[in-house]
Amino acid sequence: MSPNVMPFAVIFVVAVVFFGWSAFKRFRLITLGKADNRFNELGKRFWNMLFYAFGQRRVVARPFGINHFILFWCFMILLIANAEFLLNGLFPEYIDLALLPSGLYYALSLIFDLVSLFAFLAVIVAVIRRLAFPPPNMDAHSRDAFVIISLVGALMLAFFGLHASEIAHGLEPAASYMPVSGFIARTVFAGLPLPMLAWLIFIFWWIHAIVLLGFLNYLPYSKHMHIMTAIPNCFFKSLDKVTTQPREEFKKESVFGVGQVDYFPWKGLFDSYSCTVCGRCSDICPATSTGKELNPRLVIHDIKENLFHNGPLLVKGEKTTLPLIGAGCEGSVSEASIWACTTCAACMEVCPVFIEHVPRIVDMRRDLVEMRAKFPEELLSFFENMEQRSNPWGIAPAERTKWASGIDVKPFESGKTEYLFFVGCYGAFDARSRRVTLALSRILNAGGISWGILGKDEFCCGDSLRRLGNEFAFDRMARDSIKMFQERGVKKIITQCPHCYNTLKNDYRQYGAELEVVHHTELINTLIQEGKLKLNGAKNLGKLVFHDSCYLGRYNLIYDAPRQALATATGQHPVEMERHHDKSFCCGAGGGRMWLEESVGKRINVARVEEALQENPDTVCVCCPYCMTMFEDGLKDKDADAKVQVLDLAEIVDKTL
Amino acid sequence: MLIVACIKQVPDTTQVKIDPVTGTLIREGVPFIMNPFDTHALEESLRLKDKYGLRVAVISMGPPNTEVTLRKALAVGADEAILLSDRAFGGADTLATSKVLAEAIVGLAQKEEVALVICGKQTIDGDTAQVGPGIATRLGYSQLTLVDHIDSLDLNARKIRCRRKLEGWHEVVEASFPAMISVLREINHPRYPTVPMRLIAQDAPVTLWDNNVMQLDKATIGLNGSATQVRRIFSPERTQGEILGEGINDPGKVAQLLIGKLVEKDLLFI
Ligand code: SF4
Ligand code: SF4
C-alpha cells in the first residue's frame, strides 16, 4: 500500500542516487590499492562466502555471536520484505505481496512478522549488552553503533506500526497470519476511528520509508560499513592460511613497504572497510592486553581513516597530507604499535571477516626499515649480525657445530642422508637450546632416522628479519639458503624451531623451493606411534602443562602431534591452560620481538607464565626455543623457576628413552 | 668543502684462524667487513654532511675487492668513493699506507678544499692506531685523536671543536681546518642503509686510483716503503691453565666444575 507515489518516487530516486554516489566515492578509493589477485578459484571463494559470511562461522564462535547470527539472518530475510516495500511504493499496482498466491502471501507475512520481532529483540539485547556489559575493545558506546542500532529498531517499530494499523483498519488480508502485528492491532490500535487509523498508516509508512532510505544512505559513512563489505570480504579472503608476507622485488626506483596508504594491496584497503568493530582481535592480542600501544582493531581503523583522508587527494593526483605512520592522531598508525606486534596471528584467527592484520603491520615495518632505516636501536646490531654472520648474535659461524663436540654427528650428504637436521641459530648457539638439540639428536638416532647437519655452512632461516620488515636482507638470505639446499641435494628437513619450520616451509615456497619440512614434534610423534622408540615411562615430570607455539599451532595447525606424543610418552594427557590451541597466548618473542626490548606495560611472557601457574604445574612443555626462553625468564620473574621446570617435548621424550 | 673519511676493509677477525703449520692467517672463506672503528668515522662524516652540508668522500687502500666495502659507504650516503689499489701498494705497513692515503687526500684537495679527514681510531686487524696520525703528519694537518664527541664546527671561522677521551678525563680541543680527527666507537651509532640507497650504490661508480694515476715513487710505497716487515704470525701458545670438560652444553655443570676446581686450588672458599 503506497500513499503517495509521486513524492515517494522523487525521494526514492534522490536517495538511491545519493547512495550510489557515496558508495562510488568509497569504493573508488579501494582501486587506489596495489594489485592482489583475489579472483582465482571462484568456487572455493563462493564456498567461503557461504560458510563464513552466510554461515557466520566465526561470528558464532563467541557466545554473543548468536545474537549477531539472528540479526544477520533477520536482516537477510527482511531484505526481501524491504525490497518489496520500496518497489511497492513505486509501482503499487504491479508489485505487491498480496498479488502472490494467497498461501505464499500468508506464509511470507507470517515469516516477516516473526522475523521482525526477532530482529527487534536482537536489537534490544544488543543495546543492553553495549550498555550493561560492554566488551572491552569494542568501542561499545560509540554513537555510530547506537545510530545503526536505533535505525534498525526504528525500522522494526515502523514495520509493526504500519501493519498493526492496517490490520486494525481491516485492510490486511493476511491479518490472522501476523501474530505480532495482530497483537499490537488488538491491544494498541483497537477501537481507534478509521480516519485516525488511515492517518497512522500514512505516518508509519513514511517513517518506514524514510528510515529505510536513511539507513541505506547512512551506511557508507558509518563505522558499520561492514554491512555492505563483510560478505564480499569473506569471498575475497585468503585461500591459504596467512603464514607469510608477499615478496618484494628489488628494482631501482621502486618503493618498498607501505608508507602511504595507496601502497597497500587493494584487499588491505577493503579489509579496513569490512571491520565490524567487534574488538575480538584486540581482546585476544597479547600486545593490547599487556598495555602496549598496539591495538589491532585500531590499526585497521587508522588505515581506513587514512584512506578517507588521503584517498580523495590521491584520486585527484595530489599529495597526501596525513602520514600513514607516526602522525600521532586518528588515521595514522604509531611506530610503537607497529613494533609491538609479535605476529602471533591471534587477531587473524578470531576476526569474523578475515581481516589480515599481520601482513599490513609487516608492510609498514618494511617502510620503516627499508625506506627510512628507522627502527628501535636494538635492531641495528641484530640486522648487522644477520647480514654479516647469518645469526642474531654475530657469533662466528664455526661455532655452529659446538653443540656436537663429543658426540658423533654426520654432515648431510646427498644420497646417503635422508634428512637434513636444520639445527637453527637457537639450537646451535644458545646454551639452553643446545640441550634440546642433543635430546633430539638422541631421539633421531634411537628412531633409526638417517640424518645429518650442514654445520658451519648452515645459514639463519631469516624468520625474524622477514617479520621485522627487513625484506631486503631476508631475500638475500633466503636465496643463499635455497641455493645451498639445491647444491647439497637437500629435500627433507627436520627443524626444532617452529620459526625455521614455517619459514622453510611457507616462506621459501615463494621462491619455488618445495621442501618437505617436518617439525620435530610431528616426527617424534610419528616415531612413537609407529613404535620405533622404546619408551620406559617418564620420570619426575609431575603435573604437565602444554603451551602451543603460535608458529606451530595457529600458523601450521600442528596441535595434536605434540599432545599425542606427550600422552603416549608420559602416560598422562597434558593439562591445558585457559587459552590453548587456536586461542593460545603468545610467549612474546615472535615477529622479531625476541630482539626488542619490552619496556611498556606488563611483559607478555610474564602474563603467559601467570596463566600457566594457575594450573599449578611442575613442568611446562614447549616446542620452540623462543617459548623456552620466554617461559624460563618469566618463571624467574615470578620466582617460580625452582618449582616449575620448562622442557621441550624432545627433552621429555628423551627422558623416557 | 669536503670531508674525507678513511676506511679499511678488514677480515672479520672473530672468524680468523691462524694456520698452525704455516703461521699465516687462514683467509679462505673469511668474510670481509668495514673496520668497525671506521664505520663510526664514516657515520660522523655523514652527520656533519647532514648538518652542515659538506660533501663526503670515502677513500680506502686495499685489494680490488675493497670495492664492496666502498659501496657500503655509498649506500649510507657518502658522495664519492675512491679505491686506492695497485700491486705496488701491497704489503704496506702504516708508514707506507699513510703515504698513499695522504697523497690521495692531496689529490682530492686539488679539486675541492678539504676541511676534515676522519679516521677510525685503529683497525681491528693491525691495531696500531698509527695511520690517522701518519696522514696528519705527512699533510701537516692538525690532529685530534681519540675523539668521542664533536662539539661544534664553524665553517666561517674554519674551526672544529671536539672532545677527546683520555684515560680518566676528557679534553676539549679546538683546531683549524684542515684537521684530521680519529674517532672512538662511542662517538655515534652508525646508520643502516635504506634499500633504495643500497640499490643505487650497487652500481654507482667507485673511482680507481692506481699508481698510474697517483704516480708515487715506488720506494715510498708498498713493501719497499715500509719500515717494518712481518716475520711471523702465530697464536701465542698456552703455557698455563687447563681445559675442563670441553663441549659441555649445560651452564649449571660448567659452573659446578669451575667451582670445584677453584675450591680444589684453594682459590675459592665455601
Ligand atoms: S599478530 Fe598478535 S600481537 Fe600482532 S596484532 Fe595480531 S594479535 Fe596482536
Ligand atoms: S579487525 Fe576483525 S576482529 Fe578486529 S574488530 Fe575488526 S572485525 Fe573485529
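The values are calculated or read from the model by the stated rules, or taken from the named source; none is laboratory data. The structure presented is a predicted model; accordingly, all values stated were derived computationally and were not measured. Backbone-built Cβ (ideal geometry, glycine too); neighbour counts: all protein chains shown. For accessibility, only protein heavy atoms count, side chains too; no ligands or nucleic acids. Shrake-Rupley method; radii C 1.70, N 1.55, O 1.52, S 1.80 Å.
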**Report entry** Pair list, Cβ < 6 Å and 6+ apart or interchain, from the range B:131-142 residues that are surrounded by 18 or more Cβ atoms within 10 Å (Cβ to Cβ) to residues that are of a type in the set (Ser, Thr, Tyr)
**Finding:** B:VAL131/B:THR94; B:VAL131/B:THR97; B:VAL131/B:SER98; B:GLY132/B:SER182; B:GLY134/B:THR94; B:GLY134/B:SER98; B:ILE135/B:SER98
Query raised in the report: Is it the case that some residue within the range A:450-465 is more than 13 Å from chain B (Cβ to nearest Cβ), open to solvent by less than 60 Å² (accessible area, probe 1.4 Å), part of a helix (DSSP H, G or I) and charged (D, E, K, R)?
Result: yes
Query - Conditions (1) outside the structural domain of A:ARG365 (by TED's automatic domain parsing); (2) at pLDDT 95 or above; (3) surrounded by fewer than 19 Cβ atoms within 10 Å (Cβ to Cβ): number failed by A:PHE256 - result: (3)
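Here's the yes/no breakdown for (1) touching a Lys or Arg at 6+ places or on another chain (Cβ under 7 Å); (2) modelled with pLDDT of 95 or more:
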position: A:PHE474; (1), (2): yes, yes
position: A:TYR508; (1), (2): no, yes
position: A:GLU514; (1), (2): no, no
position: A:GLY542; (1), (2): no, no
position: A:ARG554; (1), (2): no, yes
position: A:THR568; (1), (2): no, no
Query raised in the report: Right, B:GLY132: away from chain A (no Cβ under 14 Å) and not in a loop (DSSP other than H, G, I, E, B) or not?
Result: yes
Report summary line: In the range A:265-275, anything within 16 Å of ligand 1 (Cβ to nearest atom) and within 13 Å of A:PRO352 (Cβ to Cβ) is listed as A:ASP271, A:CYS275
Requested in this report: Can you work out which of the residues in the range A:127-151 that are more than 14 Å from ligand 2 (Cβ to nearest atom) and among the small types (Gly, Ala, Ser) is nearest to A:ASP283 (Cα to Cα)?
Outcome: A:ALA132
**Report entry** Single match in A:ILE231, A:ILE210, A:ILE201, A:ILE184 (criterion: farther than 28 Å from A:SER334 by Cα and within 15 Å of ligand 2 (Cβ to nearest atom))
**Finding:** A:ILE231
Query raised in the report: Restricted to the range A:262-284, and to residues that are near ligand 2 (Cβ under 9 Å from one of its atoms) and among the acidic types (Asp, Glu), which residue is farthest from the other protein chains (Cβ to nearest Cβ)?
Result: A:ASP283
Query - Contacts under 7 angstrom Cβ, first residue in the range A:359-379 being away from chain B (no Cβ under 13 Å), partner of a type in the set (D, E, K, R), 6 or more apart - result: A:VAL362/A:ARG467
Requested in this report: Could you check how many residues of the range B:27-62 are touching a Pro at 6+ places or on another chain (Cβ under 8 Å) and assigned to a helix (DSSP H, G or I)?
Outcome: 4
Query raised in the report: Is it the case that A:LYS252 is away from chain B (no Cβ under 14 Å), basic (Lys, Arg) and over 17 Å from A:LYS34 (Cβ atoms)?
Result: no
Report summary line: Within the range A:305-335, residues being touching a residue at least 40 places away in the same chain (Cβ under 8 Å), β-branched (Val, Ile, Thr) and away from ligand 1 (no atom under 16 Å from the Cβ) number 2
**Report entry** Long-range neighbours under 6 Å by Cβ, at least six apart or interchain, first residue touching a residue at least 12 places away in the same chain (Cβ under 8 Å) within the range B:56-68, second aromatic (Phe, Trp, Tyr)
**Finding:** B:MET61/B:PHE89
Query raised in the report: Going through the range B:223-269 one residue at a time, which ones are touching a residue at least 12 places away in the same chain (Cβ under 8 Å), in a loop (DSSP other than H, G, I, E, B) and under 22 Å from A:VAL436 (Cα atoms)?
Result: B:GLY245
Query - From the options A:ASP262, A:ASP302, residue that is within 27 Å of A:GLU370 (Cβ to Cβ), open to solvent by 10 Å² or more (accessible area, probe 1.4 Å) and within 14 Å of ligand 1 (Cβ to nearest atom) - result: A:ASP302
Query raised in the report: helices (runs of 4 or more DSSP H) wholly in the range A:568-657 with at least 2 residues that are free of Cβ contacts under 8 Å to residues at least 60 places away in the same chain and open to solvent by 50 Å² or more (accessible area, probe 1.4 Å) - which ones?
Result: A:625-637
Report task. Quickly run through the range A:392-427 and pick out the residues that are within 14 Å of chain B (Cβ to nearest Cβ), within 33 Å of the chain's Cα centre (by Cα) and under 18 Å from A:ILE494 (Cα atoms). Result -> A:VAL423, A:TYR426, A:GLY427
